[in-house]
Amino acid sequence: MSTLLHIDSSPLGEGSISRRLTGEFVRNWKLANPDGEIITRDLTAGNLTSINTAWIVGAHTPKSSRTSIQNEVLALSDALIAELQSADEYVFGVPMHNFAAPSVFKLWIDQIVRAGETFSYGEGGPVGLLKNKKATFVIASGGVYEAETAMAAYNFVEPYLRTLFGFVGVTDTNFIAAGGAAAVSLGRVDSQVFLQPHIESIRTRFHAA
Ligand SMILES: Cc1cc2nc3c(=O)[nH]c(=O)nc-3n(C[C@H](O)[C@H](O)[C@H](O)COP(=O)(O)O)c2cc1C
């Protein structure tokens, strides 16, 4: 039985482009995996905290020697990492905020990148420990950041996610760029019209598989 981890990070609720597309992905995934399990994590729920001294010291202390306070501080990180380990596949909704992923997404990243858990220090350098995972990233942005254009240099979302997830071992990645969403927020294009080609492309991915 397959497990999908579905993570959203847009603060815009039902008006969010990335959420509507991850929702479409999840619906199609469920049709393709009727017995599959879906874990849902909303990064805007307000429970993500910045890592602090206790977190960093605790994470570098062997499990058996950790204090109860260190265990408590690491509990959220443990839970988020367990979700990544137990799922076979991930789908992330990521709105571009100021040319980067939103701050809640960075809070989540700081919680899940942990030596001995999601990467280790190998002889030849760091080794990612999340093996045989497949990740799809839906990135919604007001502007368009196509490769080979001048605007591509402003896109710190996709290159960062590619590097970061590669670092923890997730190299089978798929990026869906829903660029140009400013036309929707400015009222120039209907949201359903904007979403339709992306919805079609998500459906095609499942039908082609
Ligand atoms: C705080 C904030 C910052 C944004 N910064 C950018 C930006 O740097 N570049 C861009 O192209 N769009 C930017 N946008 C537009 C969003 O990327 C766009 O509205 C997108 O649809 C957001 O995804 P969502 O609808 O899933 O929330 C920003 C929007 C907000 C609310």
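Mind checking which residues of the stretch 132-188 are under 15 Å from residue 93 (Cα atoms) and either over 14 Å from the mean Cα position of the chain (by Cα) or more than 16 Å from the ligand (Cβ to nearest atom) (or both)? Residues satisfying the conditions are 134, 135, 141, 142, 162, 165, 173, 174, 178, 179, 181.
The criterion of being assigned to a strand (DSSP E or B), within 12 Å of the ligand (Cβ to nearest atom) and of a type outside the set (Lys, Arg) holds for residue 93.
Listed here are the residues, each with its yes/no results for (1) more than 16 Å from the ligand (Cβ to nearest atom); (2) among the charged types (D, E, K, R); (3) buried (at least 16 other Cβ atoms within 10 Å of the Cβ).
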{"position": "1", "(1), (2), (3)": "yes, no, no"}
{"position": "8", "(1), (2), (3)": "no, yes, yes"}
{"position": "19", "(1), (2), (3)": "no, yes, yes"}
{"position": "43", "(1), (2), (3)": "no, no, yes"}
{"position": "49", "(1), (2), (3)": "yes, no, no"}
{"position": "67", "(1), (2), (3)": "yes, no, no"}
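Checked against the criteria, residue 125 does not count as on the phi > 0 side of the Ramachandran plot, surrounded by 15 or more Cβ atoms within 10 Å (Cβ to Cβ) and away from the ligand (no atom under 16 Å from the Cβ).
Screening residue 24 with (1) within 16 Å of the ligand (Cβ to nearest atom); (2) within 15 Å of the chain's Cα centre (by Cα) gives one miss only, at (2).
Residues of the stretch 20-47 that are assigned to a helix (DSSP H, G or I) and touching a Lys or Arg at 6+ places or on another chain (Cβ under 8 Å): 24, 28. In the stretch 1-19, the residues that are closer than 17 Å to residue 135 by Cβ and assigned to a loop (DSSP other than H, G, I, E, B) reach residues that are small (Gly, Ala, Ser) and within 7 Å of the ligand (Cβ to nearest atom) with C-beta atoms within less than 8 angstrom, at least six apart or across chains, in these pairs: 9/18; 9/93.
Inside the stretch 146-201, residues that are touching a Leu at 6+ places or on another chain (Cβ under 9 Å) and among the aliphatic types (A, V, I, L, M) make up a count of 7. Number of residues in the stretch 192-209 that are surrounded by 16 or more Cβ atoms within 10 Å (Cβ to Cβ) and over 30 Å from residue 118 (Cβ atoms): the value is 3. Listed by position, the strands (runs of 3 or more DSSP E) inside the stretch 113-159 whose residues that are without any contact (Cβ under 8 Å) to a residue 40 or more places away in the chain number at least 3 are 119-122. Examine the stretch 51-61 for a residue that is within 16 Å of the ligand (Cβ to nearest atom), β-branched (Val, Ile, Thr), in contact (Cβ under 8 Å) with a residue 24 or more places away in the chain and surrounded by 13 or more Cβ atoms within 10 Å (Cβ to Cβ), and state whether such a residue exists. No. Residue count for the stretch 48-74 satisfying the condition of being touching a Leu at 6+ places or on another chain (Cβ under 8 Å) and part of a helix (DSSP H, G or I): 3. Quick one: in the stretch 152-165, which of the residues that are loosely packed, with under 14 Cβ neighbours inside 10 Å and of a type in the set (A, V, I, L, M) is farthest from residue 177 (Cα to Cα)? Among them, the one singled out is 153.
When you go through 136, 173 one by one, which is the residue that is surrounded by fewer than 19 Cβ atoms within 10 Å (Cβ to Cβ) and of a type outside the set (D, E, K, R)?
173
Only the coordinates and a few stated rules stand behind these numbers; no lab work does. Keep in mind that this is a model prediction, so the values were computed, not measured. Note that each Cβ is placed from the backbone with ideal geometry, even for glycine, and that neighbours are counted across all protein chains shown.
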